[in-house]
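The values are calculated or read from the model by the stated rules, or taken from the named source; none is laboratory data. Nothing here was measured: the structure is a model prediction, and the numbers come from that model. Using ideal geometry, Cβ is built from the backbone for each residue, glycine included, and neighbour counts are taken over all protein chains shown.
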């Protein structure tokens with residue numbers, strides 16, 4: 001069984017009668033888009049129910065028609081999507097456009113993953129979709145080979161609204177395991193300013209020294225903000 005919903009979803013209740021935090025839009029506002037199921041995200045695109053069914057019931061039926069898979073829904077011909085109950089032409093175009101945007105976004109990230117990360121701009125483009133929406137700091141590490149192709153990336157820590165700590169021992173261990181030659185550190189500033197604080201500079205220097213002791217280079221430390229970034233290498237804050 002693909003979907004399991006609590007009683008309000010299956011009762012035909014109108015959206016306005018639901019507990020507020022269970023309404024898809026309110027749930028997204030409170031918890032973020034990642035907290036929503038595929039059907040709940042689809043319900044936001046649809047906007048309202050039809051034929052005595054609430055919008056989430058309609059969205060559930062659409063997902064069932066695609067065997068619960070977004071890939072099948074995305075490849076469904078518009079002619080068939082239009083005929084789904086509660087969809088129609090306008091909603092079909094909305095759904096198809098949203099899925100196409102998602103596909104293009106994935107393709108862009110895949111292309112970045114495959115090319116050498118030779119500039120702070122490329123790193124920013126790779127990590128911005130992950131870090132920009134957050135309301136807390138996260139620190140990520142990119143592990144690169146000798147020609148700066150990405151061997152892997154991972155979230156190192158998730159901090160408070162204002163700070164996160166760098167786990168140097170963990171980075172060293174993972175870098176050695178991956179047999180990487182270079183490392184790039186990336187974290188975000190939810191405040192909107194990409195300028196590093198004193199703690200950012202001190203921790204980056206400590207990481208640079210630790211990696212150098214095992215002949216691995218820290219190529220850069222990128223701070224991602226709202227619509228900008230800060231590169232330690234470009235600004236020559238440290239000799240890295």
Search result, residues across the stretch 198-210 that are touching a residue at least 12 places away in the same chain (Cβ under 8 Å) and out of contact with any helix residue (DSSP H, G or I) (no Cβ under 7 Å at 6 or more places or on another chain): 199, 200, 201, 203, 205, 208
Could you tell me which residue of the stretch 33-66 is surrounded by the fewest Cβ atoms within 10 Å (Cβ to Cβ), considering only residues that are without any contact (Cβ under 8 Å) to a residue 24 or more places away in the chain and farther than 30 Å from residue 131 by Cβ? 65
Which residue is modelled with the lowest pLDDT, if the candidates are limited to the stretch 144-168 and must be in contact with a helix residue (DSSP H, G or I) (Cβ under 6 Å, 6 or more places away or on another chain) and not in a helix (DSSP H, G or I)? 166
From 141, 237, 183, grab the single residue that is surrounded by fewer than 17 Cβ atoms within 10 Å (Cβ to Cβ), free of Cβ contacts under 8 Å to residues at least 60 places away in the same chain and either assigned by TED's automatic domain parsing to the domain that holds residue 127 or part of a loop (DSSP other than H, G, I, E, B) (or both). 237
Under the condition of being under 18 Å from residue 225 (Cβ atoms) and part of a loop (DSSP other than H, G, I, E, B), which residue from the stretch 195-214 is farthest from the chain's Cα centre (by Cα)? 197
Out of everything in the stretch 67-107 that is more than 19 Å from residue 55 (Cα to Cα) and surrounded by 15 or more Cβ atoms within 10 Å (Cβ to Cβ), what residue ends up being nearest to the chain's Cα centre (by Cα)? 74
Which condition breaks for residue 173 when tested against (1) in contact with a strand residue (DSSP E or B) (Cβ under 7 Å, 6 or more places away or on another chain); (2) free of Cβ contacts under 8 Å to residues at least 24 places away in the same chain? (1)
Out of the stretch 166-180, which residues are on the phi < 0 side of the Ramachandran plot and loosely packed, with under 13 Cβ neighbours inside 10 Å? 169, 173, 176, 177
Residue selected from the stretch 119-138 under the condition surrounded by 12 or more Cβ atoms within 10 Å (Cβ to Cβ) and part of a loop (DSSP other than H, G, I, E, B), by the criterion modelled with the lowest pLDDT: 133
How many residues are in contact with a strand residue (DSSP E or B) (Cβ under 7 Å, 6 or more places away or on another chain) and more than 19 Å from residue 131 (Cβ to Cβ) if we restrict to the stretch 176-217? 8
